[in-house]
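Comments concern the structure below.
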Amino acid sequence: MSAFDTVIHGGTIATATDTWKGDIGIRGGRIAALAERIDGGATRIDASGRLVLPGGIEAHCHIAQESSSGVMSADDYYSGSVSAAFGGNSSFVPFAAQHRGQSVDDVIATYDDRAAPNSVLDYSYHLIISDPTPKVLTEELPRAFARGITSFKVFMTYDLMNLGDGGMLNILTVAKAHGALTMVHAENNDMVKWMNRRLAEAGLTEPKYHAISRPALAEEEAIHRAVSLAKLVDAPLFIVHVSTPEGAEIVQRERLRGTKLFAETCPQYLALTREDLDRPGMEGAKFICSPPVRDAEGQAVLWRHIQAGTFASVSSDHAPYRFDETGKFLNGRDAPYPKISNGMPGIGMRLPYLFSEGVVKGRITLQQFVGLSSTNAAKTFGMDTKGSIAPGMDADIAIWNPEETRTATLADQHDNMDYTPFEGMEITGWPQTVLSRGEIVIENRELKAGRGRGRFVARKPVSLTGMPGYTAPELDPARNFGAKVAP
Ligand SMILES: [Zn+2]
């Protein structure tokens, strides 16, 4: 009997800090040994000429989730996890969305029913909170936290989701008390509504007008406000899908000041522009997401921020709505842009795109790629057995062929969508084989794992080491006449 269930042999292994040639011994679903050479193994995987990386962690995706207007995403936990796996991921963290009037306990039970029987990959949830009643704040969120759901997302936009500044302060305070991380979609709701009204009055409702309906200033203002709210109570904050240089600059500046702040951007903000929203007919609807895709000048700046470490992660924000009446056109084929479902797919393209445009084109190192695709998400979101290659860690591993060049196609996505916004892009570097807890999920680009093998991952509190934070003088007992207002 071999000492190892599986040995990955002869590959170039990389983590967020190092690259070396060697073998990995896997036993009981975990990495048991790293050495220059390991013999044996009930299964031996030849990785010569390949990169052996920590499996990706997709930290922003919408799977089996109803939007606030009641549209169900096209991917369930099966197709969503399969597409993620083909794209080099070993685990993912979709959202569990509370809509107004729902109890958080019921929401979590609903998502457990959706995920557990179906997911091919390990999963956890970020909660979306849209109705922070006293019961939610004092009983349900603490219960969710105790279960290992350690991140809560809130919205500053969309009338049915937006909590207002006071609601956000309440969530930030509760999250902080439990060690949870608040995530925020930051766009100024009234600016967007005002733009929508003006455009509608002028009869400008084609998809391309989505690009200007949500101004860069709406993101910049809301990020600044979200950071200010978080600083008032010294709570950690994660800004999702930063799409503008101005937003990224705020993140960079505040991180330098020690604010407990994290952020991500997404491939669509690097790959696509408003010209895509101006494709003929209703084609532009495929590229409607919020915040909107912007312009080439902004993309160059976002890349600089990726290089400089402003962003913890590059996430897909996979929000799959088909190009038909079940998805984009729920309100009709010729719906005005505000009534076209918001979001685009990309869970299978996140890592190939980032590898091809980042590593292959020399913009980022392989170590940065591993950090942005896996390690940082594991640390930010408290998945302490995932995100690296080291003894004792889960054997979540993606084996890449860094030289394979293929054109991105819908067929390669293995999701439940009828388009990919990345169609036709030439991509160099593709994951070939993906392991999750030592089990082969994808082998030579074929699915090998079954529905429901994925497990729920109870997550730890966010680590804030190295982030001193901020004490507002008005909340500092030494300087506020002893008033007890601090959380
Ligand atoms: Zn999203």
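Total residues in segment 102-129 satisfying the condition of being in contact with a Gly (Cβ under 9 Å, 6 or more places away or on another chain) and either surrounded by fewer than 23 Cβ atoms within 10 Å (Cβ to Cβ) or in a strand (DSSP E or B) (or both): the figure is 5.
Checked against the criterion of being basic (Lys, Arg), within 16 Å of the ligand (Cβ to nearest atom) and either surrounded by 17 or more Cβ atoms within 10 Å (Cβ to Cβ) or closer than 28 Å to Gln102 by Cβ (or both), the candidates Arg214, Arg225 yield just one match: Arg214. Of the strands (runs of 3 or more DSSP E) entirely within segment 1-101, those holding at least 2 residues that are within 16 Å of the ligand (Cβ to nearest atom) and either of a type outside the set (S, T, N, Q) or assigned by TED's automatic domain parsing to the domain that holds Glu439 (or both) occupy 56-61, 89-97.
Candidates are the residues of segment 250-259 that are without any contact (Cβ under 8 Å) to a residue 40 or more places away in the chain and surrounded by fewer than 20 Cβ atoms within 10 Å (Cβ to Cβ); the one that is nearest to the ligand (Cβ to nearest atom) is Arg253.
Residues satisfying the criterion are present in segment 158-168 (criterion: surrounded by fewer than 16 Cβ atoms within 10 Å (Cβ to Cβ), within 16 Å of the ligand (Cβ to nearest atom) and in contact (Cβ under 8 Å) with a residue 40 or more places away in the chain). Within segment 228-248, take every residue that is under 11 Å from Thr182 (Cα atoms) and either out of contact with any Ser or Thr (no Cβ under 6 Å at 6 or more places or on another chain) or of a type in the set (D, E, K, R) (or both) and give me the one that is nearest to the ligand (Cβ to nearest atom). This residue is Val240. Could you tell me whether segment 189-202 includes any residue that is away from the ligand (no atom under 16 Å from the Cβ), in a loop (DSSP other than H, G, I, E, B), in the same structural domain as Pro280 (by TED's automatic domain parsing) and free of Cβ contacts under 8 Å to residues at least 24 places away in the same chain? Scanning segment 189-202, I find at least one residue that is away from the ligand (no atom under 16 Å from the Cβ), in a loop (DSSP other than H, G, I, E, B), in the same structural domain as Pro280 (by TED's automatic domain parsing) and free of Cβ contacts under 8 Å to residues at least 24 places away in the same chain, so the answer is yes.
Does Thr420 satisfy being assigned to a loop (DSSP other than H, G, I, E, B), touching a residue at least 40 places away in the same chain (Cβ under 8 Å), among the β-branched types (Val, Ile, Thr) and in contact with a Ser or Thr (Cβ under 8 Å, 6 or more places away or on another chain)? The answer is yes for Thr420.
Checked against (1) in contact with a Pro (Cβ under 7 Å, 6 or more places away or on another chain); (2) more than 16 Å from the ligand (Cβ to nearest atom); (3) polar (S, T, N, Q), Thr326 passes all but a single condition, namely (1).
Does segment 287-301 contain any residue that is small (Gly, Ala, Ser) and in contact with a Leu (Cβ under 9 Å, 6 or more places away or on another chain)? The answer is no; no qualifying residue exists. Of all residues in segment 277-300, none are outside any loop (DSSP other than H, G, I, E, B), within 16 Å of the ligand (Cβ to nearest atom) and in contact with a Ser or Thr (Cβ under 7 Å, 6 or more places away or on another chain). Pick from segment 336-373 the residues that are part of a loop (DSSP other than H, G, I, E, B) and free of Cβ contacts under 8 Å to residues at least 12 places away in the same chain: which of them is surrounded by the fewest Cβ atoms within 10 Å (Cβ to Cβ)? Within segment 336-373, the match that is surrounded by the fewest Cβ atoms within 10 Å (Cβ to Cβ) is Gly362.
The values are calculated or read from the model by the stated rules, or taken from the named source; none is laboratory data. None of these values were measured; they are calculated from a predicted model. Note that we place each Cβ from the backbone using ideal geometry, even for glycine, and neighbour counts take in every protein chain shown.
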